[in-house]
Amino acid sequence: MSKKEEELNEEIIENEELEEATLEEENVASEPKELSSEDKIAELEAKLKEAEDKYFRVHADFENIKKRLEKEKYQAIDYASEKFAKDLLAPIDTLEMALAAEEASADLPAEELLAKLKEGVELTIKNFYTSFEKHDISVLEADGEFDPNFHNAVMQVDSPDHEDGEIVQRLQKGYKIKDRLLRPAMVSICKK
């Protein structure tokens, strides 16, 4: 072999050795280092502290939501009848206007005054029923057969026009709100 060939071979061998050394260093660098037990403990303590922090934050959020919902629940209970109360303001206004009209028309004849008062009372009753209708409050029927679930019999009377146990007369209206009884109708029933 010539001197040039020898130099070339030596250069190739050196390059190969250099490449192998570089590969070994990369392999060593890519392999995870073995952690000491102190490092493992410190890492686990950090993870534990992070998990505890997350837990406390979530727990605090939960408690805040719970308090807010409870407050909203009590407000909803306290103000549940607000819409109904607002609807009752119209009948009150009508009654007050009727009283004011009576004072303003003191010089009218008694018959006209009585007619105006009657008209005011009828309008007020109409306003009440409109408010009741908005809130699903309805009058109970008090005709036909007596039903102890909806009627309260306060008298028994003889009646040739009614069968035994039938309602003869309604003495006081009964009401229900949606499907729940608000007040039973006070009735008299036939007894033969």
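The magnitude of the dipole of the chain, with charges of +1 and -1 set on the Cβ of Lys/Arg and Asp/Glu and taken from the Cα centre, is near 3080 debye. The count of lysine pairs in the stretch 66-135 with alpha-carbon distances below 22 Å, taking only pairs 8 or more places apart or on different chains, stands at 10.
For Arg180 and Ala115 in one chain, what is 0.36 nm times their gap in residues minus the Cα-Cα distance, to one decimal in nm? Write out the running numbers ahead of the final one.
Numbers: separation 65, 0.36 × 65 = 23.40 nm, distance 3.74 nm.
Contour length minus Cα-Cα distance gives 19.7 nm.
What whole-number value in cubic angstrom gives the convex hull volume per residue for the C-alpha atoms of the chain?
Working: hull volume 78.2 nm³, N = 192.
Normalising the Cα hull of the chain by residue number yields 407 Å³.
For a straight C-alpha distance cut-off of 16 angstrom, the lysines reachable from Lys40 (same-chain residues fewer than eight places away being disregarded) are Lys49.
Beta bridges assigned by DSSP with both partners in the chain are antiparallel in approximately 65 percent of cases. Across the stretch 138-192, C-alpha contacts under 8 Å between residues 6 or more apart give a mean separation that, scaled by the residue count, equals a relative contact order of 46 percent. For the stretch 66-135, a Kirkwood radius taken over Cα pairs fed into Stokes-Einstein (20 °C, viscosity 1.002 mPa s) yields D = 148 µm²/s.
Note down the net charge around Leu88, summing +1 for each Lys or Arg and -1 for each Asp or Glu among other residues with Cβ under 12 Å from its Cβ. Please list the in-between numbers first.
On the way: positive: Lys83, Lys86, Lys134; negative: Glu82, Asp87, Asp93.
After counting each charged neighbour, the total is 0.
Relative to the longest principal axis of the Cα atoms of the chain, the long axis of helix 82-104 lies at roughly 30 degrees.
Over the chain, with a Gaussian network built from C-alpha contacts below 10 Å, which listed residue (Glu63, Glu14, Glu103) shows the highest mean-square fluctuation? Of Glu63, Glu14, Glu103, the Gaussian network model singles out Glu14 as fluctuating most. The fraction of all Cα pairs in the stretch 138-192 landing in successive 5 Å bins from 0 to the largest distance is 5, 25, 30, 21, 11, 6, 2, 0, given as whole percents.
So how strong a dipole does the stretch 102-179 carry about its Cα centre when Lys and Arg Cβ are +1 and Asp and Glu Cβ are -1, to the nearest 20 debye?
Values: 8 positive and 19 negative charges, 94 e Å.
The dipole magnitude comes to about 460 debye.
Note: relative contact order over the stretch 66-135, using C-alpha pairs below 8 Å and six or more positions apart, is 43 percent. One Cα centroid belongs to the stretch 66-85, the other to the stretch 112-135; the line between them spans 31 Å. Note: relative contact order over the chain, using C-alpha pairs below 8 Å and six or more positions apart, is 14 percent.
Each reported figure results from applying straightforward, stated rules to the coordinates on display, with no laboratory input. The structure presented is a predicted model; accordingly, all values stated were derived computationally and were not measured. Quick reminder, even Gly has a Cβ in these numbers, built from the backbone with ideal geometry, and neighbours come from all protein chains shown.
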